[in-house]
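The values are calculated or read from the model by the stated rules, or taken from the named source; none is laboratory data. All values reported here derive from a predicted model rather than from experimental measurement. Cβ placement follows ideal geometry from the backbone for every residue including glycine, while neighbour counts extend to all protein chains displayed.
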Amino acid sequence: MPHTKSFESTDLTKEQLIKLIGMYLGEVLAHYGMWFAETSRRIGVNDALEMDSNNISKFFPSIGARLYPLFGIPVKDGLPVALLNMSREELLICIGEIAKTWLTGDGLWFQEVERSKGMAEAKLINDSCWSLFAKMEAHKIKRFLDLPNANGLDVLEAALKLRIYSVINAHSLKRDDNGDLIFTMTECRVQSARRRKDLDHYPCKSAGLVEYSDFAHAIDPRIKVECVWCPPDRVPETEFCSWRFSI
């Protein structure tokens, strides 16, 4: 039988070791996400979110204690000194770059599934991911702001402002004559890029209906969601999608 050498990390070159570090860091994040996704599927999203909140409070201090010193990152009170020394403006830039990094990962996954399995399968996976992500975001934002449960459109308005894409996509929030909350995306990095390339808008209405409904219901189950317009609908030149929330 042909013999295949069994490699150990000690056999690798320095450059290979650096690549291995990147691969392992990716596996840390992916495996954590797999636990969250599978726990959500088998036990339920709400219980999984509670467990995630408990785990994060232990997991990230552990990460910092182990990895920050290895990367030469000074720490004070469990936080990187580099962040503590940043101005508010620099921290906002940092948050923006993190949001762009998140969006890049989202887009790369969509494109890879579309390339391999087609648009229909990519959209199905995309919609499912957005459903779970919206519930997770709502839960985390409520905890972050210590928002009350089932307190209507005021709480929803506060939560919408802290969604990760709100950092990189301009939007507006207003109340109509009936007191309903109207959320309008006035800038969308994904759709803007398609416009610059003279491509049709990506038909994101199905994902939006799932996303905004699940986000709003996680804030307050009484909230109803209506799509005002969203591609493939025709949209105004200065807007990309619009959503109405009511009790």
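Observations
Matching residues to (1) under 20 Å from LYS123 (Cα atoms); (2) aliphatic (A, V, I, L, M); (3) outside any strand (DSSP E or B):
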residue: ASP177; (1), (2), (3): no, no, yes
residue: ILE182; (1), (2), (3): no, yes, no
residue: GLU187; (1), (2), (3): no, no, yes
residue: ASP198; (1), (2), (3): no, no, yes
residue: GLY208; (1), (2), (3): yes, no, yes
residue: GLU211; (1), (2), (3): yes, no, yes
residue: VAL228; (1), (2), (3): no, yes, no
residue: PRO236; (1), (2), (3): no, no, yes
residue: PHE245; (1), (2), (3): no, no, no
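- Looking only at the range 11-54, residues that are of a type in the set (Val, Ile, Thr) and over 23 Å from CYS129 (Cβ atoms) come to 3 in all.
- Only a single item in (1) modelled with pLDDT of 95 or more; (2) within 19 Å of the chain's Cα centre (by Cα) is not met by GLU90, and it is number (2).
- Subset of the range 107-121 (residues that are surrounded by 14 or more Cβ atoms within 10 Å (Cβ to Cβ) and either more than 15 Å from ARG194 (Cβ to Cβ) or among the polar types (S, T, N, Q) (or both)): TRP109, VAL113
- Scope the range 150-168; condition part of a loop (DSSP other than H, G, I, E, B) and without any contact (Cβ under 8 Å) to a residue 40 or more places away in the chain; matching residues: LYS161, LEU162
- Of the residues screened, ALA30 is not one that is of a type in the set (Gly, Ala, Ser) and surrounded by 11 or more Cβ atoms within 10 Å (Cβ to Cβ).
- Within the range 167-198, considering residues that are among the hydroxyl-bearing types (Ser, Thr, Tyr) and surrounded by fewer than 14 Cβ atoms within 10 Å (Cβ to Cβ), the one nearest to ASP47 (Cα to Cα): SER172
- Unmet requirement for PHE60, which otherwise passes all of (1) loosely packed, with under 11 Cβ neighbours inside 10 Å; (2) modelled with pLDDT under 90: (1)
Condition check ((1) surrounded by 13 or more Cβ atoms within 10 Å (Cβ to Cβ); (2) acidic (Asp, Glu); (3) farther than 22 Å from ARG163 by Cβ) across all residues:
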residue: TYR68; (1), (2), (3): yes, no, yes
residue: LYS76; (1), (2), (3): no, no, yes
residue: LEU91; (1), (2), (3): no, no, no
residue: LEU103; (1), (2), (3): yes, no, no
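For every residue, the table says whether it meets (1) aliphatic (A, V, I, L, M); (2) within 19 Å of the chain's Cα centre (by Cα).
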{"site": "ILE21", "(1), (2)": "yes, no"}
{"site": "GLU27", "(1), (2)": "no, yes"}
{"site": "PHE36", "(1), (2)": "no, yes"}
{"site": "SER40", "(1), (2)": "no, yes"}
{"site": "GLY44", "(1), (2)": "no, no"}
{"site": "ASP47", "(1), (2)": "no, no"}
{"site": "ASP52", "(1), (2)": "no, yes"}
{"site": "ALA65", "(1), (2)": "yes, no"}
{"site": "PHE71", "(1), (2)": "no, no"}
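- The numbered conditions (1) of a type outside the set (S, T, N, Q); (2) touching a Ser or Thr at 6+ places or on another chain (Cβ under 6 Å); (3) surrounded by 14 or more Cβ atoms within 10 Å (Cβ to Cβ); (4) at pLDDT 95 or above are all true for LYS224 except (3).
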